[in-house]
Structure formats: structure tokens, C-alpha cells
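Structure first, commentary second.
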Amino acid sequence: MKDNFKVRVFITGVYRSGTTLVSRMLANHPKLWVTYDSVHFMRFSYGRYDPIYEIKNAERLVTETHARIYNRWGMRFVADDVISDLRNFKKIDYNHIYDLIMEALISEYKKGVIGWGEKTNVCWGQIPNFLKMFPSGKTIHVIRDPRDVMCSYREMTYEPDFSYLDSAFCSLNSFLKASEYNQRFKNQNYYLLKYENLVQNPIEVIRNICSFLDLKFDPLMLDAAKFKDKSGNQWDGESSFDKKLDTISKKPIGRWKKKATPFEVFFVELINSEVMKKFGYELSGKSISKTVRINLRNILDNNKLLSQHYRLWMKTGEGVEAYPSDPLSKQK
């Protein structure tokens, strides 16, 4: 297989953790094409078309990916060209298809690049598989204060009643995997990024990321006014609290101190206290009333999702790598 790309990077993290910001900063590099929340190869395609070496399965993956991203986002590539190129391989594998789809998209949207990237949230469990496909590939795992994640998600979600609190369990799973991957990959292919560090020191952090990707830093990566969305329009920042992104700001740090209720803070810290301390997030130190504890029991009794994940946490100490409403469960 001819290697046409110097850089392949997979970005992931909990929803509302700053992953799209990272993708837009990288996408502004003149030599990179980085998409977000569209192809979702690691979520919707990888391992779901086996045996992938059979051309009929590979063709179905390509045509279904094309249909999904075109119908949802208006993004296009020439599927027939990808399928034609796949026939040149003696034994087709997922890395061949992923690379060819991204190459086909690049030919439509940004020529002259030396690498591609994709951001898919809540998909850190696929990091080992991404690196198995691309041994020289890179991954960026974004973490954020789970109290700020919760506040932001609460403002954006359509989930009913208190289901937004499930972000606490998702954050926990992300933190636990981050700890595991830091040891497993020894920073060679894995970059653990704290959102707070990025927005407080964007120049330093993005230079470090460029070094990690073996790319020359470009000042355009910090020009928020030129960040683009999937349609090629100016990216608005997708903030839960600000109308428009004019610059990379540290204002979102610690919003929970004014935006979260005592109960919400208690719940998130209850689930995440140990990992928060490990990753440098100071606990509030606030005590709670008996009324708040009773409120927790009432919520768990009336919310099946939170009750299930709370029991899992009590039994195993683990969180979940999933949205409250899992898009995969609604397929087919």
C-alpha cells in the first residue's frame, strides 16, 4: 500500500470537553485536513463489516459511509473511485478503506495536504484499534473538568430530566482510560490534553501538539476567526454559554462555580473525586445537606439510566463510554 500521508490523527474525548476546538485548530494548518462529527469511521464502520476482506462487505462500507455523510452533512466523495482502488489490494483491511475514504474527501475539499485527522467523541476505547491500523498514527485524548462538562452538556442536551448527569459516568470512564493509555503508549502515539491547559496557554500547547505530530507550527492554528465548520462557514464555537467564538478564551474554565447547583457538584464529585484529584482538579470541599442526599435517592429511583450506571459504579468503580442515548443502539 502506497503511504500518501505523513500524519493520521484521531481526536476523542467526552462531549463538551473541547474536542471540536482542537479539531478546528488543527484543521487550520495548511497541510492538514481534519473533519469532525461526520465520517465517524471508528464508531460506525470499524469492525462492523466483517469479513472485511470480502469485496462485497468493503463496497457496502464505502457506499453506506458515502450515503450517511452526504445525507446528513452534504459531504461528498467519489465512492466508485474508492471501490476501484480497493480492488488493487490482495487482501482488503479497514485501514485501506479508512485511508482511501479520507483521501477521496481531501481531493474534494483541501488539496495539497500531507495528513488527515478525524474527531469522534466518546470513542477513546477505539484508540488501540486506530493505532493497530496505523502504527505510526497519532491520537489526542481531551479531558476536562467534569463539573464544567456537566454544566455545558446540561445546556445543550435534549435528554430528559436529570439524564445530563450521566456525563459524570462518561467523564469517569475517560479519566480511567487516560490513566491506562498514558502508561500503555508512553506518549509516543498518545497525547493526553487537558482542555484547561489548551485555553490558558494555546500557543505553548498547540506548538507541543505540532511537535507530537511532527508538523511545523503555523500561526493560523490560533486564528479563531478563521476556524471553519463542516460547511466551510465560520465556526461559531458551539458554546453553551457564549454566542460566538472570537478568540480562544479561558472564560469557560470553572463556570460550574456559578452555573452548577450544590446537588450537581456533589453528584459529579461523588463519582469522579479520585480521578479528579489524580488529574489536578481541585474538589469543591463543600458539604451537603440531608435534603440533597434525599434528592439523589429520589432521582436515582426515577431515572433508569442513572440508576443502572450508579449501580455499576458502586459495584465496579467504573464509568461508561457512551452517550445517554447511544446512536449505535438506534441503528438498524
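Each value in this text was obtained by applying a stated rule to the coordinates, not by laboratory testing. What you see is a predicted model, and the numbers here were worked out from it, not measured in a lab. Reconstructed Cβ throughout: ideal geometry from the backbone, glycine too, with neighbour counts over all protein chains shown.
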Going by amide H atoms built from the backbone, whose H comes under 5 Å of the H on TRP33, apart from near neighbours? GLY115, TRP116, GLY117
One would report the antiparallel percent of DSSP beta bridges in the chain, rounded to the nearest 5, as 5
So who's got an amide H within less than 5 Å of the one on TYR53, skipping anything under 5 residues away but keeping other chains? H placed 1.01 Å off N, in plane. none
Residue-wise HN-Hα coupling along the stretch 161-173, computed from phi with Karplus coefficients 6.51, -1.76, 1.60 (Hz; x: Gly, Pro): 5, 9, 5, 4, 5, 5, 4, 4, 6, 5, 4, 4, 4
Take ILE271, ILE114 and order them by how many other Cβ atoms sit within 10 Å, fewest up front. ILE114, ILE271
Any GluC sites (Glu not before Pro) in the stretch 39-105 that lie in a DSSP loop and have at most 13 other Cβ atoms within 10 Å would be GLU54
Pairs of alpha-carbon atoms within less than 8 angstrom and 6+ residues apart define the contacts here; what relative contact order does the chain have, in percent? 24
Which of the following values of Rg/Rh (Cα atoms, Kirkwood Rh) was calculated from the structure shown: (1) 0.98; (2) 0.95; (3) 1.06? (1)
So for the stretch 1-78, averaging the separation of alpha carbon pairs under 8 Å that are six or more residues apart and normalising by length, what relative contact order in percent results? 15
If each K or R counts +1 and each D or E counts -1, the residues other than TRP124 whose Cβ falls under 13 Å of its Cβ total +2
Considering only the other residues whose Cβ falls under 10 Å of the Cβ of LYS31, what net charge follows from Lys and Arg at +1 and Asp and Glu at -1? +2
Divide by every residue of the chain the summed helix terms, -39500 (n - 2.57) for each DSSP H run of at least 4, and state the resulting mean residue ellipticity at 222 nm, rounded to the nearest 500 deg cm²/dmol. -14500 deg cm²/dmol
FRET efficiency for GLU108 and LYS290, using Cβ-Cβ distance with R0 set to 56 Å, rounded to 0.05: 0.40
Amide H contacts of THR139 (H built 1.01 Å from N, under 5 Å, at least 5 apart or other chain): PHE10, TYR190, TYR191
Cα centroid distance between the stretch 32-101 and the stretch 261-301, in Å? 43
Can you work out ³J(HN,Hα) from phi for every residue in the stretch 142-156, in order, using Karplus 6.51 cos²θ - 1.76 cosθ + 1.60 and θ = phi - 60°, giving whole Hz and x for Gly and Pro? 9, 10, 8, 3, x, 6, 6, 4, 4, 4, 5, 5, 4, 7, 9
